[in-house]
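Q: Sharing a structure below in structure tokens format, with a few things to ask.
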Amino acid sequence: MRVLALTIILAAFGQAPPQSSAPDSAPPGNAENGKKLYAQYGCYQCHGYAAQGGVGPRLAPRPLAFAAFSKYVRQPSGEMPPYTAKVVSNSQLADVYAFLRSVPQPPPVDSIPILKEP
């Protein structure tokens with residue numbers, strides 16, 4: 001539980017979560033369908049259209065391990081409503097996770113011309 005809380009806090013501040021030595025055993029999912037579901041279920045309202053964060057923490061481009069993600073979605077401890085299996089099926093949850101994994105990394109700050117010092 002502490003690792004999950006730490007990961008969520010780090011994600012909120014744009015830090016990479018600690019990496020587990022165990023491989024992520026995420027089920028296969030359809031990223032295109034996951035993107036549609038992400039919008040349909042209103043995830044974008046708190047997490048942004050590209051899962052970049054907003055009122056809720058950043059979810060992508062490096063999402064939590066699937067087990068932690070699934071547990072939090074099903075039984076959140078914060079302001080987020082629970083999305084039980086009756087609301088979002090396991091297959092749909094896998095699709096949303098596939099979408100989160102498909103979000104590309106933003107460009108490096110030093111590659112953005114307007115942010116370079118003259």
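Q: Quick one: 3J(HN,Hα) in Hz for the stretch 30-40, Karplus 6.51/-1.76/1.60 with θ = phi - 60°, rounded, Gly and Pro as x.
A: 9, 4, 5, 5, x, 5, 5, 5, 4, 6, 4
Q: Right, another one. What net charge is computed for the residues neighbouring GLN105, neighbours being all others with C-beta under 13 Å from the C-beta of GLN105, Lys and Arg scored +1, Asp and Glu -1? Present the calculation step by step, with values, prior to reporting the outcome.
A: Values: positive: ARG58, ARG62, ARG101; negative: none.
Residues near GLN105 contribute +3 overall.
Q: Tell me which lysines have Cα within less than 28 Å of LYS71's Cα, excluding those fewer than 8 residues away on the same chain?
A: Qualifying lysines at Cα under 28 Å: LYS35, LYS36, LYS86.
Q: GLY48's amide H: which non-local residues (gap 5+, or another chain) put their own amide H closer than 5 Å, with H modeled 1.01 Å from N in plane and none for Pro or chain starts?
A: Distant-sequence amide H within range of GLY48: GLY53.
No value in this document is a laboratory result; all are computed from the given coordinates. Small disclaimer: the values here were computed from a predicted structure and weren't measured. Cβ coordinates were reconstructed from backbone atoms using ideal geometry, including for glycine residues, and neighbour counts include every protein chain displayed.
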